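In what follows, a single structure is set out as structure tokens and then discussed.
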Amino acid sequence: MTTIREISAPGLAERQAAVSRKQSKRAKRDELQRRFADRLVVREELSRKFVSYQGNKTQPGLRWLRYKEGFSADLVRDALNKADGAVLDPFAGIGTTPLIAGGAGREAAGIEIMPVGIHAARAISLAANGVKAETVEAAGGALIEAARNGATAGAFRFPHVPITSRAFPEKTEDEIAGARRFLAESDDDNTRAILDFACMSVLEEASYTRKDGQYLRWDNRCRRNLRGGMDKGPIPSFTAALRKRLNEILEDIPKLEEIYGGKPPRLLQGSALEKLAAMPDRSIGLTVTSPPYANRYDYTRTYALELAWLNFSKADFGELRQALISATVENRSKVNILNWKYPRESTLIQAKTAFREQAALQEVLDSLNLQKSELSNPHVIRLVENHCFEMALVVAEPARITKPGGRVVMVNDNVQYHGEEVPVDLILSDIAETCGFDCEEISVLPRGKGNASQQMGRFGRRELRKCIYYRHMPKFSTAPCA
Ligand SMILES: C[S@@+](CC[C@H](N)C(=O)[O-])C[C@H]1O[C@@H](n2cnc3c(N)ncnc32)[C@H](O)[C@@H]1O
């Protein structure tokens with residue numbers, strides 16, 4: 001029998017059936033949510049400033065590069081109270097964790113795959129540990145003079161790749177070449193590293209580009225074929241931007257020793273997937289980190305100018321993109337490479353098992369696969385799959401290297417594709433428990449992130465949780481070191 005509501009609202013029955021199909025397709029996620037319900041705690045006191053780079057805008061040193069993907073020095077200071085021992089960040093970005101931890105006198109290490117972040121962290125660490133302001137001031141003056149004089153020799157021109165071509169006005173190209181010649185001829189390694197970083201840090205400001213969401217946006221004045229350019233407003237010359245940055249650096253240097261001058265951290269450039277595997281069992285007391293989110297964000301595109309400054313060729317860009325933790329639709333599976341090269345077979349098996357047996361994750365993947373033909377890009381399925389598998393490994397290794405009584409503090413965002421919520425926080429927490437951690441709390445920010453506008457139109461607005469996870473390695477852990 002058809003009810004009156006169904007007659008007056010054509011299609012209602014189908015819609016209701018679809019809704020209930022969808023609800024039953026969430027069963028595993030709902031179950032997981034119920035299991036973690038008492039540990040998912042909304043913390044009113046948590047601000048976006050605390051978990052983002054906004055908190056570093058006035059922080060001496062860390063303010064030198066607008067690394068929007070970073071978190072605040074205050075978050076790290078707070079985490080330092082949570083466990084003793086050596087501190088690690090396997091996704092160190094510009095080094096907020098190792099720099100602040102080292103400054104507090106802790107043994108600290110940061111792993112970061114992008115040379116951009118390592119360059120920044122090294123410059124801050126050098127400036128905090130003995131490089132003299134007078135030396136930087138004198139060399140900086142000479143650098144500005146050299147940049148102003150420019151250079152025409154091909155060897156010193158900005159080494160563009162296709163995605164950076166025409167990023168600068170012609171005069172800026174000449175000034176950059178002058179600066180590169182000066183740096184190539186400079187023989188004081190530490191001062192050169194700081195000045196080289198200073199030049200890299202102003203490229204965006206002096207260019208026709210702006211880092212914006214997932215890509216670089218381009219100003220209409222660049223001579224590229226643009227579909228929708230923007231007006232960036234006044235663009236300073238390279239030397240003007242550089243002078244401003246050098247002044248900031250000189251102003252900060254006297255304050256740096258107190259903030260970061262305890263123990264210079266170890267800064268390891270490379271993939272966390274390799275470097276974590278090389279760390280000894282039970283050697284780390286505290287990990288404070290924020291991995292790349294599964295949100296299609298491409299670091300190699302956002303930081304294209306900086307990578308090109310560091311002489312990355314087009315092939316190097318491709319290689320780096322694949323080595324990053326999978327977060328884009330272009331990332332291919334790393335399973336074959338890991339099977340072939342990963343030095344710790346037992347951890348790899350542990351991660352594979354945890355990934356395969358994580359029912360809520362498998363539910364998301366099944367659901368996306370069933371809707372594959374409707375997805376705006378079917379490769380989001382492999383994005384979620386690759387991301388979660390790699391993150392399972394990134395959870396399993398800290399379970400091996402964390403000392404009993406140690407902790408992991410991790411900032412992360414949930415994501416959603418085609419209306420399918422991926423509760424990354426719960427999935428990774430469950431995997432962490434299978435690896436031996438106690439998940440103490442998933443602190444939720446009072447305001448999450450909205451889903452992408454295309455998804456909002458189709459699937460309604462849903463706030464995606466932004467969280468800080470707190471994990472503890474029990475003192476008397478019976479979990480085997482994988
Ligand atoms: C959310 S950011 C972390 C920022 C950092 N907390 C800070 O304050 O600057 C994630 C970082 O992970 C890095 N990353 C991505 N894949 C990596 C990998 N396989 N190994 C190491 N670092 C990686 C990215 O380059 C990025 O800097």
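The values are calculated or read from the model by the stated rules, or taken from the named source; none is laboratory data. Note that this is a predicted model, so its numbers are computed, not measured. Cβ sites come from the backbone with ideal geometry, for glycine too, and all protein chains shown count toward neighbours.
Assigned by TED's automatic domain parsing to the domain that holds residue 35, within 25 Å of the chain's Cα centre (by Cα) and without any contact (Cβ under 8 Å) to a residue 40 or more places away in the chain, is that true of residue 337? When the stated conditions are applied, residue 337 passes them.
With the structure loaded, tell me whether residue 47 is more than 27 Å from residue 307 (Cα to Cα), surrounded by fewer than 23 Cβ atoms within 10 Å (Cβ to Cβ) and among the hydroxyl-bearing types (Ser, Thr, Tyr) or whether it fails that test. Step through it out loud before you land on a result.
Numbers: more than 27 Å from residue 307 (Cα to Cα): yes; surrounded by fewer than 23 Cβ atoms within 10 Å (Cβ to Cβ): yes; among the hydroxyl-bearing types (Ser, Thr, Tyr): yes.
So residue 47 passes the test.
Filtered by the rule that a residue be buried (at least 17 other Cβ atoms within 10 Å of the Cβ) and assigned to a loop (DSSP other than H, G, I, E, B), segment 264-281 gives 264, 265, 271, 279.
Quick one: would you say residue 352 is touching a residue at least 24 places away in the same chain (Cβ under 8 Å) and within 14 Å of the ligand (Cβ to nearest atom)? For residue 352, the condition - touching a residue at least 24 places away in the same chain (Cβ under 8 Å) and within 14 Å of the ligand (Cβ to nearest atom) - is not met.
Of all residues in segment 205-239, those that are aromatic (Phe, Trp, Tyr), in contact with a helix residue (DSSP H, G or I) (Cβ under 6 Å, 6 or more places away or on another chain) and surrounded by 18 or more Cβ atoms within 10 Å (Cβ to Cβ) total 1.
Scanning segment 162-209 for residues being over 27 Å from residue 132 (Cβ atoms), of a type outside the set (S, T, N, Q) and in contact (Cβ under 8 Å) with a residue 60 or more places away in the chain gives a total of 7.
Here is a yes/no grid of residues against (1) of a type in the set (S, T, N, Q); (2) modelled with pLDDT under 95; (3) not in a helix (DSSP H, G or I):
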{"site": "6", "(1), (2), (3)": "no, yes, no"}
{"site": "30", "(1), (2), (3)": "no, no, no"}
{"site": "37", "(1), (2), (3)": "no, no, no"}
{"site": "66", "(1), (2), (3)": "no, yes, yes"}
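Contact map, segment 407-432: first residue in a helix (DSSP H, G or I), second residue hydroxyl-bearing (Ser, Thr, Tyr), Cβ cut-off under 9 Å, separation 6 or more or different chains; pairs are 424/293; 425/469; 428/469; 429/469; 432/469. Of all the listed residues (145, 107, 112, 137), the sole one being without any contact (Cβ under 8 Å) to a residue 12 or more places away in the chain and either surrounded by fewer than 20 Cβ atoms within 10 Å (Cβ to Cβ) or within 16 Å of the ligand (Cβ to nearest atom) (or both) is 145. Can you confirm whether residue 92 is farther than 18 Å from residue 447 by Cα, assigned to a loop (DSSP other than H, G, I, E, B) and either within 12 Å of the ligand (Cβ to nearest atom) or under 13 Å from the mean Cα position of the chain (by Cα) (or both)? Judged against the criteria, residue 92 is a match. In the set (1) over 25 Å from residue 200 (Cβ atoms); (2) without any contact (Cβ under 8 Å) to a residue 40 or more places away in the chain; (3) more than 15 Å from the ligand (Cβ to nearest atom), the condition left unmet by residue 343 is number (2).
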